[in-house]
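Trainee: Take this structure, written in structure tokens, and hold onto it; I'll ask about it next.
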Amino acid sequence: MPRFDPRAYKKRIIVTWNEFAPKYHSDWASKDIGPFKSTSKVVKISRIKTGDTVLDLACGTGVVTKKISSKIGNSGKVVGIDISPGPIEIAKKWNTKKNVKFVVTDVEKMKFVEEFDAITCQYGLMFFPNVQLVLRKVRKFLKKDGRITVAVHGSKRTAPYFSCISSAVLKFIPDFLPIGTPTVHRFGTKDLLRVEFKKAGFKKINIYELNFEYKPGTYEDYWRDYFTNLTTPLKKKFKSLDSRQFVAMKKMVEKNTRKFTKNGKIIFPWKVLVLTAVNPKKLSG
Ligand SMILES: C[S@@+](CC[C@H](N)C(=O)[O-])C[C@H]1O[C@@H](n2cnc3c(N)ncnc32)[C@H](O)[C@@H]1O
């Protein structure tokens, strides 16, 4: 069984997000649906104001960055960073204001000459293999008393869109992902999220719970959408299944979605946690 290797994982992240970014942007991030109802809330909760200098971590196609750029005015500045060039290309196309800049870089390696009044990160934290390293860097580039605002998905139980499929897939293809690969549910409870920020020395930690719904249509719609969105590295894994196993896996997914199905249509609950915290002291080094 392969074990988690951060370098190989980051390479796969880049391939995956370069491939998935157009669909992610058009079908999810740019729409006010399901978990993306959080985008305006994250910016509101962050209390970013006119003239602020802001850093948006794992900015993807720039949905949070754009809202920030409208809020800070011409005297402010926002920098969006992401490890994958594909999402950044999309972000640049529709974020044309002079107060926005995008940079392709791994958050674990980020370097800046400026310091920031605020830092945001929507649906990125769970992908960083070394979160403590990232949070130490955040404390280095965030001003004293500057605020970080982070949105993450809930647990397997509270954000079952992912887990209804992934739990079945892992039963049939146990090496679908190497052991120890970070999951989207990694910070899916208030305790898990709070511990990480406390450990990194942040103060005034607050966590808000947002409860959304996502309606993917019928079970068949949900299944089809998953498979059409599957990126090349994962698609290859399904080739190991014979047709009997494939049918059994699909049945298991259908069973997992039953408790969320009403009149033939799935309604997934989708919990999102939004954390805010303050940097008590700028770290040097
Ligand atoms: C779910 S998207 C979130 C994008 C955006 N924040 C939003 O709310 O739509 C996750 C993003 O994290 C980026 N990412 C993953 N690991 C990263 C890393 N180590 N450094 C920078 N970006 C990373 C991916 O490339 C992807 O664009």
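Trainee: From Tyr226, Tyr214, Tyr222, grab the single residue that is of a type in the set (Phe, Trp, Tyr), outside any helix (DSSP H, G or I) and within 15 Å of Tyr161 (Cβ to Cβ). Outline the logic, then answer.
Mentor: Values: Tyr226 fails: outside any helix (DSSP H, G or I); Tyr222 fails: outside any helix (DSSP H, G or I).
Residue meeting the stated conditions: Tyr214.
Trainee: So, in the stretch 114-134, of the ones that are at pLDDT 95 or above and over 16 Å from the mean Cα position of the chain (by Cα), which residue ends up farthest from Val79 (Cα to Cα)?
Mentor: Checked the stretch 114-134; the qualifying residue farthest from Val79 (Cα to Cα) is Gln132.
Trainee: Look through Leu177, Leu193 and report the one residue that is under 21 Å from the mean Cα position of the chain (by Cα), open to solvent by less than 50 Å² (accessible area, probe 1.4 Å) and not polar (S, T, N, Q).
Mentor: Leu193
Trainee: Sticking with this one: Looking only at the stretch 34-54, count how many residues are in a loop (DSSP other than H, G, I, E, B) and touching a strand residue (DSSP E or B) at 6+ places or on another chain (Cβ under 7 Å). Full working, then the answer.
Mentor: Step one: list which residues in the stretch 34-54 are in a loop (DSSP other than H, G, I, E, B), which gives 46-52.
Checking the rest, the ones that are also touching a strand residue (DSSP E or B) at 6+ places or on another chain (Cβ under 7 Å) come to 46-48, 52.
Qualifying residue count for the region: 4.
Trainee: I would also like to ask the following. For the stretch 200-255, which positions are surrounded by 13 or more Cβ atoms within 10 Å (Cβ to Cβ) and among the β-branched types (Val, Ile, Thr)?
Mentor: Residues satisfying the conditions are Ile205, Ile207, Thr218, Thr231, Val253.
Trainee: Among the residues of the stretch 12-25, is any without any contact (Cβ under 8 Å) to a residue 12 or more places away in the chain, outside any loop (DSSP other than H, G, I, E, B) and open to solvent by 60 Å² or more (accessible area, probe 1.4 Å)? Talk me through it step by step, then tell me what you get.
Mentor: Filtering the stretch 12-25 down to residues without any contact (Cβ under 8 Å) to a residue 12 or more places away in the chain leaves none.
No; the residues of the stretch 12-25 include none that is without any contact (Cβ under 8 Å) to a residue 12 or more places away in the chain, outside any loop (DSSP other than H, G, I, E, B) and open to solvent by 60 Å² or more (accessible area, probe 1.4 Å).
Trainee: Please work out which one of (1) within 9 Å of the ligand (Cβ to nearest atom); (2) open to solvent by 60 Å² or more (accessible area, probe 1.4 Å); (3) not hydrophobic (A, V, I, L, M, F, W, C) is the condition Asp32 fails and give its number.
Mentor: Evaluating Asp32 over (1) within 9 Å of the ligand (Cβ to nearest atom); (2) open to solvent by 60 Å² or more (accessible area, probe 1.4 Å); (3) not hydrophobic (A, V, I, L, M, F, W, C) leaves (1) as the failure.
Trainee: Residues Val107, Val100: which one is near the ligand (Cβ under 9 Å from one of its atoms), of a type in the set (A, V, I, L, M) and touching a Gly at 6+ places or on another chain (Cβ under 9 Å)?
Mentor: When all the criteria are applied, what remains is Val107.
The values are calculated or read from the model by the stated rules, or taken from the named source; none is laboratory data. Predicted, not measured: the structure shown is a model, and the values here were computed from it. Note: ideal-geometry Cβ built from the backbone for every residue, glycine included; neighbour counts use all protein chains shown. Just so you know, the surface numbers come from the protein's heavy atoms only, side chains and all, with ligands and any DNA or RNA stripped out. Shrake-Rupley method; radii C 1.70, N 1.55, O 1.52, S 1.80 Å.
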